[in-house]
Amino acid sequence: MGFFSKIKKFWKTEKPDQDPAKHLDSEKEQSPDLDHPDWQGALRRSLSLAEPKLSIWLECLLDGVDKKGDLLWDRLLFLFKVLETPEHEADKFVASFSAWLDDMGYVHLDEFKSELQYRLALALDLEDEEDERDRLFLKLSQGLTKTKEQLSHRVDMLLSSTTSFDDAFWEELEEILIMADVGYQATSELLDKLRPQVRGVDPEDRDRFKELFMQELAGIFPVPPKRIPPDPPEIILVIGVNGVGKTTTIAKLAYRSKMKGRKVMIVAGDTFRAAAIEQLSIWSKRTGAGFFAKDRGSDPASVAYEAMDKARAEGYDQVLVDTAGRLHTKVDLMQELKKIKNVIAKKCPGAPHKTILVLDATTGQNALSQTELFGREVRIDEIIMTKLDGTAKGGVVAAIALQHQIPITYIGLGEKMEDLRPFDGQSFAKALLG
Ligand SMILES: Nc1nc2c(ncn2[C@@H]2O[C@H](COP(=O)(O)OP(=O)(O)O)[C@@H](O)[C@H]2O)c(=O)[nH]1
Ligand SMILES: [Mg+2]
């Protein structure tokens, strides 16, 4: 159930005579008196009058709270209660958030407010809510700053000096796209689609042009098919060359699943370096995910094999298998991946349910050749593109989508846990060109 429906339900029980929609634009109420013994009543009233957005509710809820402590916990538990979340889930949320604050050494609200909102959005399943989408969009737009400089600012300049959509215009636009790593093939396909669209558009009408451009760009991203969740454990294999961000991405995925209440295990399939096993073990502790590893140098397929037994025996919902990515032994690497897949399939028919290829956006066109390389040997179900925050080569996302028709499901916009964000073509095109 979405936030709005949860709140509507709350409204119905609280104030049967009120229509929530009427209050959306109502003036902000006077601050409730939360020192009062009936602070819960006051807060209920204030929430019932607030706009149904997580950020606004948090403002009300955290009124007078400036640091971690009992006051904060009481307020959070109250929110869960109002939204009819089972008590044990609320307690679990508070316990894990409190442990995280201790780990990080955070005390003051401004140090952890953003993380708190993100965790609440995941825990309450609110990520599709408008409020969270706004946050994601802002993050995306900021993360893409460098690519925007390369792409949209140059498109703007081109448009402002254009009096007709002639050959010179299209050539220049083509160059801009190629410079932003959209790639030659994807650029020509994109422009071939755009040309007939803008016929008849007044070159002075830049907004219209950009709108059509945005539409075409958004349209090239394949949408991941709706999947029926497999019987647990869901097995996910994560592949990609060294350094692209596989291990960190696995930690972020595990963290997301944990926040949604799933029991997750991380498997150290990169047995080549002892440091890789250690890195993953630290991440599993930080995210609260289960962990399975064997000694350095063990056969990754045997690690996967034993991990399947553990996942079954201990009732895990989801298993994320990390793999090595040494490129200089290409043939061996592909053999190893196939062997891991076969072993998993033998243990759990139908698994791995998903194979995710992780790509590093800063490598630009190399990401394309990596997709080809892996795609020739194993079926890639989804792509996660990392490090979009640090590059002007974000256009490569479009190149991958067009040339390989593989859905991009998440993008990495930084190194923090909350920096892995769901991807959608519409927002991407809007953030880039809007
Ligand atoms: N800025 C940024 N750094 C990232 C992102 N994803 C991963 N990294 C960093 O990339 C480096 C390599 O990551 P790692 O997970 O060890 O790569 P692996 O070799 O593929 O497992 C680490 O320093 C990560 O913190 C991202 O989205 N943005
Ligand atoms: Mg790694």
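The values are calculated or read from the model by the stated rules, or taken from the named source; none is laboratory data. As the structure is a computational prediction, the values presented were derived from the model and not from experiment. All Cβ positions, even for glycine, are placed from backbone atoms using ideal geometry, and neighbour counts span all protein chains on display. All accessible areas refer to the heavy atoms of the entire protein, side chains included, with ligands and DNA or RNA removed. Shrake-Rupley method; radii C 1.70, N 1.55, O 1.52, S 1.80 Å.
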Solvent-accessible area of Cys348 with every protein chain in place, 1.4 Å probe, in Å² to the nearest 10 = 10
ask   = Quick one: longest stretch of the chain between exposed loop trypsin sites (Lys or Arg not before Pro), exposed meaning at most 10 other C-beta atoms within 10 Å and loop per DSSP?
value = 228-434
key: Accessible solvent surface per residue of segment 132-197, calculated while the other protein chains remain in place, 1.4 angstrom probe, Å²   = 51
query = What residues qualify as long-range amide H neighbours of Phe291, i.e. H under 5 Å apart, gap of 5 or more or another chain, H built at 1.01 Å from N?
reply = Ile266
query = Where the only charges are on Cβ atoms (+1 Lys, Arg; -1 Asp, Glu), what is the dipole of segment 380-434 about its Cα centre, to the nearest 20 debye?
reply = 220
query = Exactly which GluC sites (Glu not before Pro) in segment 68-135 are in a DSSP loop and have at most 14 other Cβ atoms within 10 Å?
reply = Glu84
request  = Could you pull the Cα extents of the chain along its three principal axes, largest to smallest, in whole Å?
outcome  = 70, 65, 37
remark   = Under the helix-only model (-39500 (n - 2.57) for each DSSP H run of 4 or more, divided by the residues of the chain), the mean residue ellipticity at 222 nm, to 500 deg cm²/dmol, is -17500 deg cm²/dmol
query = In whole percent, how big is the carbon plus sulfur part of the accessible area of the chain, probe 1.4 Å, protein atoms only?
reply = 48
message = Output wanted: per-residue J couplings in Hz (rounded whole) for segment 138-146, from phi through Karplus 6.51 cos²θ - 1.76 cosθ + 1.60, θ = phi - 60°, x for Gly and Pro.
response = 4, 4, 4, 4, 5, x, 8, 3, 5
Positive-end residue of Val331, Ala307, Gln370, charge dipole of segment 234-423 with Cβ unit charges = Ala307
query = So how strong a dipole does the chain carry about its Cα centre when Lys and Arg Cβ are +1 and Asp and Glu Cβ are -1, to the nearest 20 debye?
reply = 1680
query = Do any of Lys92/Lys354; Lys193/Lys226; Lys139/Lys430; Lys53/Lys81; Lys139/Lys258 go past 19 Å between their Cα atoms, and which?
reply = Lys92/Lys354; Lys193/Lys226; Lys139/Lys258
task = Please sort by residue number the GluC sites (Glu not before Pro) in segment 188-249 whose DSSP state is loop and whose Cβ has at most 12 other Cβ atoms within 10 Å.
result = Glu204
inquiry  = As an exercise, use a Förster radius of 25 Å and the Cβ-Cβ distance of Asp70 and Lys92 to find the FRET efficiency, rounded to the nearest 0.05.
reply    = 0.90
task = Would you kindly derive the ³J(HN,Hα) couplings of segment 78-85 from the backbone phi angles with the Karplus curve 6.51 cos²θ - 1.76 cosθ + 1.60 (θ = phi - 60°), listing them in order in whole Hz, with x for Gly and Pro?
result = 4, 4, 4, 5, 4, 8, 6, 8
task = Please tell me the relative contact order of the chain in percent, rounded to the nearest whole number, where contacts are Cα pairs under 8 Å and at least six residues apart.
result = 18
task = With viscosity set to 0.890 mPa s and temperature to 25 °C, compute the Stokes-Einstein D of segment 234-423, Rh being the Kirkwood radius across alpha carbon pairs; µm²/s, no decimals.
result = 150
query = Residue by residue, what Karplus-based ³J(HN,Hα) values in Hz, rounded to whole numbers, does segment 46-52 have, using 6.51, -1.76 and 1.60 with θ = phi - 60° and x for Gly and Pro?
reply = 5, 5, 5, 9, 7, 5, x
remark   = Here the residues of segment 379-420 lying in the modelled label zone of Lys338, meaning backbone nitrogen under 15 Å from a point 7 Å along Cα-to-Cβ, are 379-380
Bins of 5 Å from zero: percent of alpha-carbon pairs in segment 41-100 = 4, 18, 28, 26, 18, 5, 1
